[in-house]
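Presented below is the structure to which this report refers.
Laboratory data are not the source of any read-out in this text; all were calculated from the coordinates shown. Small disclaimer: the values here were computed from a predicted structure and weren't measured. Glycine also receives a Cβ, built like all others from the backbone with ideal geometry; neighbour counts cover every protein chain displayed.
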Amino acid sequence: MAKLNDQELHNLAMNIVGKELEEHGYEFLGVNSEIKKDPQFVALKDKKLHFVIVRAIEYPHNPKEYDMAFLRSMKEHALKFKARTFYAGVGLANSSDYERPVMHGEEYVVNYEGWQEI
């Protein structure tokens, strides 16, 4: 079995966050699934623009920790569009052994508590 590569982990995280955005009534204006091409989601809700940055974070790293300098620059960019900026860190781990990588065809555990405003 092959390990999920960075793009596959990123797509998995995006699916989790995208589904949550849809459930909360966000309308997607733009979706970018390319790694490091930010923001991943440009969405509209209540006539307000939202930029959502998604990161797949492999165990043992904490999905709630983020690069504040980078996010500050994203927030400044978003403000030019009068948009709110959110960070969504999605923790992913192999469910049978957290020390092993997430593999194709194996169960995984998600550590995700929603997006947080920057």
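Here is a yes/no grid of residues against (1) touching a residue at least 24 places away in the same chain (Cβ under 8 Å); (2) more than 23 Å from Leu21 (Cβ to Cβ):
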{"position": "Pro60", "(1), (2)": "yes, yes"}
{"position": "Phe70", "(1), (2)": "no, no"}
{"position": "Leu92", "(1), (2)": "yes, no"}
{"position": "Ser95", "(1), (2)": "no, yes"}
{"position": "Arg100", "(1), (2)": "no, yes"}
{"position": "His104", "(1), (2)": "yes, yes"}
{"position": "Tyr112", "(1), (2)": "yes, no"}
{"position": "Gln116", "(1), (2)": "yes, no"}
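Residue-wise test of (1) of a type outside the set (D, E, K, R); (2) closer than 18 Å to Ser33 by Cβ.
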{"residue": "Ala43", "(1), (2)": "yes, yes"}
{"residue": "Val52", "(1), (2)": "yes, yes"}
{"residue": "Glu65", "(1), (2)": "no, no"}
{"residue": "Leu71", "(1), (2)": "yes, no"}
{"residue": "Ala78", "(1), (2)": "yes, no"}
{"residue": "Thr85", "(1), (2)": "yes, no"}
{"residue": "Arg100", "(1), (2)": "no, no"}
{"residue": "Tyr108", "(1), (2)": "yes, no"}
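Among the residues making up segment 64-97, those that are surrounded by fewer than 17 Cβ atoms within 10 Å (Cβ to Cβ) and of a type in the set (S, T, N, Q) are Ser73, Ser95, Ser96. Does Gly91 qualify as being in a strand (DSSP E or B), of a type outside the set (D, E, K, R) and closer than 29 Å to Ala2 by Cα? Spelling it out, Gly91 is indeed in a strand (DSSP E or B), of a type outside the set (D, E, K, R) and closer than 29 Å to Ala2 by Cα.
Looking only at residues in segment 86-118 that are of a type in the set (Gly, Ala, Ser) and more than 15 Å from Ala13 (Cα to Cα), the one that is nearest to the chain's Cα centre (by Cα) is Ser95.
The rows are residues; the columns are (1) touching a Phe, Trp or Tyr at 6+ places or on another chain (Cβ under 7 Å); (2) surrounded by 11 or more Cβ atoms within 10 Å (Cβ to Cβ).
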| position | (1), (2) |
| --- | --- |
| Met1 | no, no |
| Ile16 | yes, yes |
| Phe28 | yes, yes |
| Glu34 | no, no |
| Lys37 | no, no |
| Asp46 | no, no |
| Ile53 | yes, yes |
| Ile57 | no, yes |
| Pro60 | no, no |
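Within segment 101-118, being out of contact with any Lys or Arg (no Cβ under 9 Å at 6 or more places or on another chain) and assigned to a loop (DSSP other than H, G, I, E, B) holds for Gly105, Glu107, Tyr112, Gly114, Trp115.
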